[in-house]
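*Asks:* So that we are looking at the same thing, I have put the structure below in structure tokens.
Just so it is clear, none of the values below were taken in a lab; they were calculated from the coordinates. As the structure is a prediction and not an experimental result, all values here were calculated from the model. Cβ coordinates were reconstructed from backbone atoms using ideal geometry, including for glycine residues, and neighbour counts include every protein chain displayed.
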Amino acid sequence: MKKIGAFDIYKYLPQLNCGDCGEETCIAFAVKLVSREGTLSACLHLKDEQIAKLREMITPPVREITIGAGDVVITIGGEEVLYRHDLTFFNPTKIAVEIPDALPEEKLIERIQAIEDFQVEIMGKKIGLDLIAVRSAGQNSGAFAKAIHILAEQSRKPIILRSEDPQLIEAGLELVGEKKPLVYAATAENWEKMTELALRYGCPLALSSADLMELKSLVKASLRAGLKDLVLNPVTAAKTLAHALNNLAMVRKAAIKGDRELGFPVVTETQYGLTSFEEGILASVLMNRWASLLIMHSLNPAALTALLTLRQNIYTDPRVTPKVDPGLYQFGRPNKKSPVLMTTNYALTYYIVTKDIREAAIDCHLLVVDTEGLSVENALAAKRIDGGKIAKAIAEQSLGEKVEHRKLVIPGLLARLKGETEDATGWEILVGPIYSKDIGTYIRRIDYG
Amino acid sequence: VVMNEEPPPVGFEPPSDSYPGAIAQVKIGATKSEGGTRKKRFIIGGARAPPFYEFEHPTVNSPVVASVIFDSPISLPRSVRNLFGDVVGDPVDWAKKWVKEFGSELVMVNLTSTDPEKEGRSPAEAAKTVEDILEAVDVPLIIGGSRNKDKDPFVLEKVAEVSEGECCVLSAASLEMDYKRVAKAAQAYGHSVISYSDLDFVMQKTINRYLLDTGLSKERLIMDPTTAALGYGLEYSLSIMERLRLAGLKGDADLQAPIAAMVFNAWAAPGAWEEKPDEPLWETITGVTSLLAGADLLIVLHPRTAEQLNSLIQKLTSKEV
């Protein structure tokens, strides 16, 4: 499919340059629409047919779908490319943890609480899990309804209702239909009833088949019935992992090439019966293969932390270097006798170092040198850090007035800059640890008078 | 709404592309019949489509997992120390343990002891270490220097000479060093070279071009565009590997080299050091991501990472698609 450009959009705009949308010109507005920084409704001078045409043009090849209602909503899909370097990925994989309805009430509440409470800090942001999936472990609509009832009381996260039995799904929708859960999943066997339920309750529906021709046919039937919010699962029924991965690649590639019937986000899940280590690895494979939504069966904090970190990596916008402002930062309550540490302004470096400083509970100053957003190791290799740059940062921050001593701790990886930095700054350069987790032990050994 | 009809029939053609280029095939290790003494040898590369896009082209050669060792004392996470603590510092025993106890079929030894800032051992001493390892284990070797740009060319030249005919891999040649010396030694003694760039597409293309210009044949070139750790820039590596692979498939002759991923760099991430000893997720996920981005050779520090990556490669190349 030909990529839509700002000029394609511009043709359908009023071309009044009135400024009502907040942009000075229509072409500037078109640029905003193309980069998805603006919304069509900002333009007050569009006729209905123009709106319809423009909406069609700016709808991404992988449509954007929401699960949930009110302010408890997650968004998946909305993707435009196969590779992140072609533009960027927009909506990070949402992670759901599953609870089986067969658990006794106490255990159910415990597990829901654990999912609610799970939180990890990545790049200075606290991140939790996105959804909770309830699975009918048996064929008991009483147990399923009860688990959903408990979930609705204990959690505010968007919900996935998981059963292939339409009667069970209906029982669940009677309880939480207003929360617009994802109905999971319709197959070739049950699609009529599932589609009917999803339509009646206005909920998104997952379609599941490992045969892409059958999957497309299910999409077509659902669209024909009037359902627009679809999510595809080409994975669970696949016989092998190779088959699943090929399906994922084909669905995404077909969507990007303009196949509207496969242009929906994909939902994937890990297998049952894996250790949490194996499950984490499988989940990382699926996340690397365009999973928009990922259902995990176990709640293992170590695996989830690694996965959320992977998600942060994959969904970082490659057009933007993640960096923080260079400068002098304070931790704890530093005074004129407190240590001065130094690092570079790559955001990940900064967040790791500051986390370790906080954990070490030391009072100190941290000099963040501008390396154009490169990490310590990369900055050294690319010659974006040297004695001169460090001297300049010291001068700019008037570091000599902030502390009485003249000791600067540099990262262990910069050991070879010790001499030139001493020459350039006149400060005593102390080569710190390679890993910032060792900062506490290291600093406590130094005498600052 | 009443739906009393069957789902409508639709057509589906796999969205396959064909690619004008192919990745070169590089041999690692030489058996007796090939003039070496290795029990087994590997061929990596040969891709004609993005990794594991079986619907476009079957995997030509399965990616290979290698294990890493160092010839001087090194700070290791507890989980690795538990397994190798008794042999760390002794590259011969470390290699033996990898091969005999953990079934490693390919070993990378990094001659970090040659670093003038460390023990500063001579190229001849390093060559002796390599000879000892070749004697002690019968798997193919990847031989790395100490990443000292002035000394590495001399170290690699010497080890190339003493391992003549074994079809080793020399790591690495970069723009800022005497890469010609490394390339010439590889070509003269029948080894391959890993070219190295620091997450830089243009630099990777340039060093590859320069190495090929020295007369190094395409079947002797592997590239290492740097593997950054999970949580510590992995996205850069992932995207560079994908770009390099696609450029090669589209016909850029400078970039048709198999990709090596130094997955053990994953241990630079603080999270990796906090894990349960037998569950190296950070290293494994770094490996998984590299593998799916196009890496043909994955070099790891933890035996369970090797086990998991091997199992994944086997599943992904299973013929039952």
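*Asks:* By a straight-distance test (C-alpha under 14 Å), which aspartates and glutamates pair with A:LYS216 as possible cross-link partners, with residues fewer than eight away in the same chain excluded?
*Replies:* By straight Cα distance, A:LYS216 reaches A:ASP259, A:GLU261, B:GLU6, B:GLU13.
*Asks:* Of all DSSP beta bridges in chain B, what percent run antiparallel (nearest 5)?
*Replies:* Expressed as a percentage, antiparallel bridges in chain B total about 15.
*Asks:* Further question: Show me, for the range B:57-66, the HN-Hα J-couplings you get by feeding each phi into the Karplus relation (A = 6.51, B = -1.76, C = 1.60, θ = phi - 60°), rounded to Hz, glycine and proline as x.
*Replies:* 6, x, 4, 7, 10, 4, x, 10, 9, 10
*Asks:* What GluC sites (Glu not before Pro) does the range B:78-161 have in DSSP loop regions with at most 16 other beta carbons within 10 Å?
*Replies:* Sparse-neighbourhood loop GluC sites (Glu not before Pro): B:GLU117, B:GLU119.
*Asks:* Shifting gears a bit: Build a GNM of chain A with springs between Cα atoms under 10 Å: which of A:GLN312, A:GLN50, A:GLN119 gets the top mean-square fluctuation?
*Replies:* Between A:GLN312, A:GLN50, A:GLN119, it is A:GLN50 that shows the largest mean-square fluctuation.
*Asks:* Where in the range B:255-289 is the amide nitrogen less than 16 Å from a point lying 7 Å along the Cα-to-Cβ axis of B:GLU101?
*Replies:* B:277-279
*Asks:* Another question, then. Got a sec? Charge dipole of the protein assembly as shown, +1 on Cβ for Lys and Arg, -1 for Asp and Glu; which of A:ASN335, A:ALA152, A:THR93 is way out at the positive end?
*Replies:* Toward the positive end, the furthest listed residue is A:ASN335.
*Asks:* If you average the sequence gap of Cα pairs under 8 Å that are 6 or more apart and divide by the length of chain A, what percent do you get for the contact order?
*Replies:* 11
*Asks:* With the contact rule set at Cα under 8 Å and sequence spacing of 6 or more, what percent relative contact order holds for the range B:1-148?
*Replies:* Relative contact order here is 21 percent.
*Asks:* Same structure again: Two decimals is fine: what is log10 I(q)/I(0) at q = 0.21 Å⁻¹ for the range A:75-141, from a Debye sum with one equal scatterer on every Cα and no solvent?
*Replies:* Once normalised to I(0) and log-transformed, intensities are -0.94.
*Asks:* Want the number for A:ARG156 to A:GLU121: 0.36 nm per residue separation, take away the alpha-carbon distance, what's left?
*Replies:* 10.5 nm
*Asks:* To continue, here is another question. Along its principal axes, what span do the Cα atoms of chain B show, with the longest given first and each in whole Å?
*Replies:* 81, 47, 39
*Asks:* Here's a follow-up. At most 11 other C-beta atoms within 10 Å and a DSSP loop state: those are the exposed GluC sites (Glu not before Pro) I care about. Give me the longest piece of chain A that has none.
*Replies:* Segment A:190-449 is the longest.
*Asks:* Pop out the Kirkwood hydrodynamic radius of the range A:120-170 from its pairwise C-alpha distances, inverse of mean 1/r, in Å to one decimal.
*Replies:* Taking the inverse mean of 1/r over all distinct Cα pairs, the range A:120-170 comes out at 12.4 Å.
*Asks:* Using only the alpha-carbon atoms, how far is helix B:123-136 inclined from the longest principal axis of chain B? Give it as 0 to 90 degrees, nearest 10.
*Replies:* 60
*Asks:* Restricting the count to DSSP beta bridges whose residues both fall in the protein assembly as shown, what percent are antiparallel, rounded to a multiple of 5?
*Replies:* In the protein assembly as shown, DSSP labels about 25 percent of beta bridges as antiparallel.
*Asks:* Taking a cut-off of 18 Å between Cα atoms, list the lysines near A:LYS336, but don't count ones fewer than 8 places away on the same chain.
*Replies:* Within the straight-line cut-off, A:LYS336 pairs with A:LYS402, A:LYS407.
*Asks:* Here's a follow-up. Under 8 Å for C-alpha pairs, at least 6 residues apart: give me the relative contact order for chain B, rounded to a whole percent.
*Replies:* Averaging sequence separation for qualifying contacts and normalising by length gives 20 percent for chain B.
*Asks:* Can I ask one more? Rounded to the nearest 0.05, what FRET efficiency do B:SER122 and A:ALA395 give with R0 = 35 Å and r taken as the Cβ-Cβ distance? Could you check?
*Replies:* It comes out at approximately 0.20.
*Asks:* What net charge is computed for the residues neighbouring A:GLY22, neighbours being all others with C-beta under 12 Å from the C-beta of A:GLY22, Lys and Arg scored +1, Asp and Glu -1?
*Replies:* Once positives and negatives cancel, what remains is -3.
*Asks:* May I ask for the angle, rounded to the nearest 10°, between helix B:303-316 and the longest principal axis of chain B, with both axes built from Cα atoms and the value confined to 0 to 90°?
*Replies:* 40
*Asks:* Tell me the Rg and the Dmax, in Å, that the Cα atoms of the range A:263-303 produce.
*Replies:* 10.3, 33
*Asks:* Go through B:LYS184/B:LYS205; A:LYS437/B:LYS96; B:LYS128/B:LYS149; A:LYS220/A:LYS257; A:LYS11/A:LYS32; A:LYS323/A:LYS355 and tell me which ones have a Cα-Cα distance over 24 Å in this structure.
*Replies:* Check vs 24 Å cut-off fails for A:LYS437/B:LYS96.
*Asks:* What are the semi-axes of the equivalent ellipsoid for the range B:13-169, taken as the square roots of 5 times the Cα gyration tensor eigenvalues, largest first, in whole Å?
*Replies:* 32, 18, 17
*Asks:* Would you please give the FRET efficiency between B:GLU307 and B:ARG209, computed as 1/(1 + (r/R0)^6) with r the Cβ-Cβ distance and R0 = 45 Å, to the nearest 0.05?
*Replies:* My answer for the efficiency is 0.75.
*Asks:* Residue by residue, what Karplus-based ³J(HN,Hα) values in Hz, rounded to whole numbers, does the range A:325-337 have, using 6.51, -1.76 and 1.60 with θ = phi - 60° and x for Gly and Pro?
*Replies:* Ordered by residue, 3J(HN,Hα) equals 5, x, x, 10, 10, 10, 10, x, 10, x, 10, 6, 9 Hz.
*Asks:* Distance in nm between label sites at B:LYS250 and B:GLU131, each 7 Å beyond Cα in the beta-carbon direction?
*Replies:* 4.9
*Asks:* Related question: Compute the long axis of helix B:201-213 from its Cα atoms, compare it with the longest principal axis of the Cα atoms of chain B, and write down the angle in degrees, 0 to 90, nearest 10.
*Replies:* Taking the Cα atoms of chain B, the angle to B:201-213 is about 60 degrees.
*Asks:* Given C-alpha coordinates of the range A:327-449, what is the ratio Rg to Rh with the Kirkwood estimate of Rh?
*Replies:* 0.92
*Asks:* Of the beta bridges DSSP finds with both residues in chain A, what % are antiparallel, to the nearest 5?
*Replies:* The antiparallel fraction comes to roughly 30 percent.
*Asks:* Can you list the aspartates and glutamates whose alpha carbon sits under 13 Å from that of A:LYS337, skipping same-chain ones fewer than 8 residues off?
*Replies:* A:ASP363, A:GLU401, A:GLU404, A:ASP447
*Asks:* Could I ask something else about it? Sort out for me the Cα centre separation of the range A:332-399 from the range B:82-152, rounded to whole Å.
*Replies:* 35
*Asks:* All other residues with a Cβ under 13 Å from the Cβ of B:GLN308 taken together, and with Lys, Arg as +1 and Asp, Glu as -1, what is their net charge?
*Replies:* My count for the surroundings of B:GLN308 gives -4.
*Asks:* Could you check which residue among A:SER209, A:SER136, A:SER436 shows the biggest mean-square fluctuation in a GNM of chain A with a 10 Å Cα cutoff?
*Replies:* Greatest mean-square fluctuation among the candidates belongs to A:SER436.
*Asks:* Quickly work out the A:ASP363-to-A:THR321 label distance, labels modelled 7 Å from Cα along the C-beta direction, and quote it in nm with one decimal.
*Replies:* Those two pseudo-labels are separated by 3.5 nm.
*Asks:* Same structure again: Seen from all sides and averaged, what is the projected area of the convex hull of the Cα atoms in chain A, in nm²?
*Replies:* Average of the hull's projected areas for chain A equals 26.3 nm².
*Asks:* Follow-up. With the crude spin-label approximation of a point 7 Å out along Cα→Cβ, what separation in nm comes out for A:CYS18 versus A:LEU274?
*Replies:* 5.4
*Asks:* Which length gain, in nm to one decimal place, applies between A:ARG406 and A:LEU44 when the Cα-Cα distance is subtracted from 0.36 nm times their residue separation?
*Replies:* 124.2 nm
*Asks:* Mind listing the phi-derived Karplus ³J(HN,Hα) values for the range A:341-347, rounded to whole Hz, using 6.51, -1.76 and 1.60 with θ = phi - 60°, and x for any glycine or proline?
*Replies:* Rounded to whole hertz, the list is 9, 9, 8, 9, 9, 5, 4.
*Asks:* May I pose another question? Estimate the FRET efficiency between A:ASP211 and B:TRP273 by the formula 1/(1 + (r/R0)^6), using the beta-carbon distance for r and 45 Å for R0, to the nearest 0.05.
*Replies:* Calculated transfer efficiency: 0.50.
*Asks:* Only Lys, Arg, Asp and Glu count, each charged at its Cβ (+1, +1, -1, -1), so figure out the dipole size of the range A:54-99 about its Cα centre, rounded to 20 debye.
*Replies:* Magnitude of the dipole: close to 0 debye.
*Asks:* Can you give the convex hull volume per residue for the Cα atoms of the protein assembly as shown, as a whole number of Å³?
*Replies:* 185
*Asks:* In a GNM of chain B with a 10 Å cut-off on Cα contacts, which of B:GLY145, B:GLY165, B:GLY45 has the highest mean-square fluctuation?
*Replies:* For chain B, modelled as a Gaussian network with Cα springs under 10 Å, the answer is B:GLY165.
*Asks:* So how do B:SER67, B:SER62 line up by other beta-carbon neighbours within 10 Å, fewest first?
*Replies:* By the 10 Å Cβ count, ascending, the order reads B:SER62, B:SER67.
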